[in-house]
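All remarks here apply to the structure that follows.
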Amino acid sequence: MTNRRQMKSAFPYVQRLLEDEFIQEQLREAAGGLRAVYMRARSKRGQAAEDKRLYRDLRQAATSIRDAMSGLQRPKPQPKRRARKLATIALAIGGCAWLTIKLQKLQSQDASSSGAPSAQSDTSATEGADGSPNIPQPEHAEP
């Protein structure tokens, strides 16, 4: 039973290993680097501990392995940033409300400075007693 669970948990990693070109490339580079390190250490024998080229190749191979393993891991989920979205929406709503109030004040100042009757009195003149609009009827000449 545990063997089946282990296989199930390893399947996504194996699938990613087989399909991802980046991971395959990093593993190829690591294998080539380790092969070069082995050959150089074998030919240098006693002086291999002081060989800078050997250490450079070994460092590159280790970096390739680390890059392959980081590419094999699950990607970290992006944070949702709910507070930032909420603040942006609140700021937009507040800006709209402020702009509406500002425009209303500007319109009322324009109306009072020009001496024009307010919009309230204009609408009351066109309404009938029951609140329905007064629509002037065309006059017809009778034959």
Filtering the stretch 71-113 down to residues that are farther than 30 Å from residue 26 by Cα, aliphatic (A, V, I, L, M) and under 33 Å from the mean Cα position of the chain (by Cα) yields 83, 86, 87, 89, 90, 91, 92, 93, 97, 99
Take residue 74 and decide whether it is assigned to a helix (DSSP H, G or I) and either in contact (Cβ under 8 Å) with a residue 60 or more places away in the chain or of a type in the set (D, E, K, R) (or both). no
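I'd like to know if the stretch 16-30 contains one or more residues that are in contact (Cβ under 8 Å) with a residue 24 or more places away in the chain, of a type outside the set (Lys, Arg), part of a helix (DSSP H, G or I) and farther than 20 Å from residue 60 by Cβ. Steps first, please.
From the stretch 16-30, those in contact (Cβ under 8 Å) with a residue 24 or more places away in the chain are 16-17, 20, 22-23, 26-27, 29-30; that's our starting set.
With of a type outside the set (Lys, Arg) added as a condition, the list becomes 17, 20, 22-23, 26-27, 29-30.
Next, only the ones that are part of a helix (DSSP H, G or I) stay: 17, 22-23, 26-27, 29-30.
Adding the requirement that they be farther than 20 Å from residue 60 by Cβ leaves 17.
Yes, that holds for at least one residue.
Looking only at the stretch 12-30, decide whether some residue is under 30 Å from the mean Cα position of the chain (by Cα) and among the basic types (Lys, Arg).
Here is the first cut: in the stretch 12-30, the residues under 30 Å from the mean Cα position of the chain (by Cα) are 12-26.
Narrowing further to those that are among the basic types (Lys, Arg): 16.
Looking through the stretch 12-30, at least one residue is under 30 Å from the mean Cα position of the chain (by Cα) and among the basic types (Lys, Arg).
Are any residues in the stretch 62-88 surrounded by 11 or more Cβ atoms within 10 Å (Cβ to Cβ) and closer than 23 Å to residue 19 by Cβ, and if so, which ones?
Here is the first cut: in the stretch 62-88, the residues surrounded by 11 or more Cβ atoms within 10 Å (Cβ to Cβ) are 62-69, 71-72, 87-88.
Of everything in the stretch 62-88, those that are surrounded by 11 or more Cβ atoms within 10 Å (Cβ to Cβ) and closer than 23 Å to residue 19 by Cβ turn out to be 63, 64, 65, 66, 67, 68, 69, 71, 72.
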Against the condition at positive phi and modelled with pLDDT of 80 or more, how does residue 45 come out, does it pass? yes
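The values are calculated or read from the model by the stated rules, or taken from the named source; none is laboratory data. Computed from a predicted model, the values in this text were never measured in an experiment. As a convention, Cβ positions derive from the backbone with ideal geometry for all residues, glycine included, and neighbour counts pool all protein chains shown.
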